[in-house]
Amino acid sequence: MPTLDDILEHVGEFDRFQKQTFFVLCLLSAAFTPVYVGVVFFGFIPEHRCFSPGVAELSQRCGWSLEEQLNHTVPEWDGRGSSYNSRCRRYEADWNATGVSCTDPLGSLVGNGSTVPLAPCLDGWVYDSPGSSLVTEFDLVCEDSWKLDLFQSSVNAGFFIGSINIGYIADRFGRKFCLLTTIFANIVCGILLVFVPTYLWIVIIRFMQGLVSKGCWTAGYILVTEVVGPEYRRTVGILYQTAFSVGLLVFDAIAYAIPHWRWLQLTVTLPTCFFLLYYCRCLPESPRWLISQGKNDKAMKIVSDMAKKNQKKMPSHFEDIKFEEEDCGKQKPSLIDLVRTPQMRKNTLILMYNWFTSSVLYQGLIMHMGIAGGNMYLDFLYSALVEFPAAFIILVTIDRVGRRYPWAVSNLVAGAACLVTALIPEDIHWLKVITACIGRMGITMAFEMVCFVNTELYPTYIRNLGVMVCSSLCDVGGVIVPFIVYRLVEVWHDLPLIVFTVLGLIAGGLVLLLPETKGRVLPETVEDVENFHRQSAPKAKKIYLHVKTAEHD
């Protein structure tokens, strides 16, 4: 009985039909960028200081420059406002009082030799920024700075919960139905974020957006890999992820042009409306899913349309073919199977840790670069550009060198680059950016490789469950990483990089404990997995030399 892959060999494995589907779904992958890393621009933290009533009037009366005003009226001002007191405390002084000296205003208020008490910023803050963000609109600084962490954690919590439910919807009701419903829900959430007036509702809607957006991206990934032939599946999957990198560049350019977060949110949401209209009419359902549901006639109709658009003629003996559903009842997937045997247990724990580490380092480096103190837009651009050579290196090496060593090296490079970045002095910012970009390239490679290696280390009957469980640690990492970055920088600006170093180096070492999957048949049973590490790779040709030895009496 021929399979769908056999038919695709005749009607086109990656021809015009598949290329068109691939292109429009790559637009969806790129549109996922603002949801995943939007906190960099939606929640950018400008330089800030307490607003003190009367300071502006006093400065105007005394003819101070801005720097003189800050030196006289901001606690512990060092020219940059880098200390906690300069950002989160103000002098408890009445700047509107009569007789305030222009040369020594504090001394004239409290007397020479006296210490001026400090007070919280009861009247708000002054932000040195031409635009607006969540931080400037809701004053998410100082004692309320944790609320920015919660904003990003909420969307990752939505990823965690939604990926399980959306995966069920995609398997139960189809890839196209799942895609359309999640796109629509994502549009609604994106537009609501533009208009809701309170921080609490923003966090709630951001969580709801997380519930649907990652599932939307995943449904697109599944669909695009299910309409191409097996020879193109891995390449298409990697390029679909690379489209996300293109989205980073576009998002950076839009954010530079629109520095106001609500207008930016609206701008990145509206194009998705056009995607939805196009997908409703032109996007096909996955023929593989239709076959799995016993809807052979609908599947063959799509295959026939595929052949027509590809200008191929489907052989007549395929036209009335009936697919038989495989018997999947012999082995029921169970969570306990993931840790039941030693090799399965080792694979599961290492994969879970690597999913967690990839998420923490990838999102963490993006967030840390956003608060590094340089040009936010240029730094983001540089770090996004390195994702393209990362994808190229993967495509070149995985079928030549294998999976394990490039994967391990990418983690080790990411960890080492984070350490070097932390040790470089702040005044050599350009060098810190270069090493941070190297780390970003390394973790991008690791992130993309864990996606497909995960599928190669589990038997068929439990493969989807294994990927779902292991990748859920990616979302757990996403929930934690805002607190790692934004809280630890208050202790030492580069302390998060030290944490990333430890995580990355451990991940690289653990990858070396996994079996190599290059050139191996996918395992079908748990027994196959247990024997995986003992399977020898394809044997190289050997030359045997027969050596004649002298005989001694």
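The values are calculated or read from the model by the stated rules, or taken from the named source; none is laboratory data. Bear in mind the structure is a predicted one, so any value in this text is a computation, not a measurement. Here the Cβ is made from the backbone with ideal geometry for all residues, glycine too, and neighbour counts use every protein chain on show.
Some notes on this structure:
- Taking helices (runs of 4 or more DSSP H) as the structural unit, those lying wholly within the range 48-88 and holding at least 1 residues that are touching a Lys or Arg at 6+ places or on another chain (Cβ under 9 Å), among the charged types (D, E, K, R) and surrounded by 14 or more Cβ atoms within 10 Å (Cβ to Cβ) correspond to 84-88.
- Residue in the range 15-33 that is free of Cβ contacts under 8 Å to residues at least 60 places away in the same chain, in contact with a helix residue (DSSP H, G or I) (Cβ under 8 Å, 6 or more places away or on another chain) and outside any strand (DSSP E or B) present: no
- Flag if SER213 is under 29 Å from VAL489 (Cβ atoms), surrounded by 23 or more Cβ atoms within 10 Å (Cβ to Cβ) and modelled with pLDDT of 85 or more: yes
- Being touching a helix residue (DSSP H, G or I) at 6+ places or on another chain (Cβ under 6 Å) and either under 19 Å from GLY12 (Cα atoms) or not in a loop (DSSP other than H, G, I, E, B) (or both) is a property that does not hold for ALA253.
- Subset tally (residues that are farther than 14 Å from VAL386 by Cβ and crowded, with 20+ Cβ neighbours inside 10 Å) for the range 423-440: 1
- Among the residues making up the range 89-101, those that are farther than 13 Å from ASP123 by Cβ and surrounded by fewer than 16 Cβ atoms within 10 Å (Cβ to Cβ) are ALA97, THR98, GLY99, SER101.
- Note on the range 342-425: enclosed helices (runs of 4 or more DSSP H) holding 1 or more residues that are under 15 Å from the mean Cα position of the chain (by Cα) and in the same structural domain as ARG520 (by TED's automatic domain parsing) are 342-370, 376-385, 387-397.
- Near pairs, Cβ below 9 angstrom, 6+ apart or cross-chain, from the range 252-276 (more than 20 Å from LEU192 (Cβ to Cβ)) to any residue that is among the small types (Gly, Ala, Ser) and assigned to a helix (DSSP H, G or I): ASP252/ALA384
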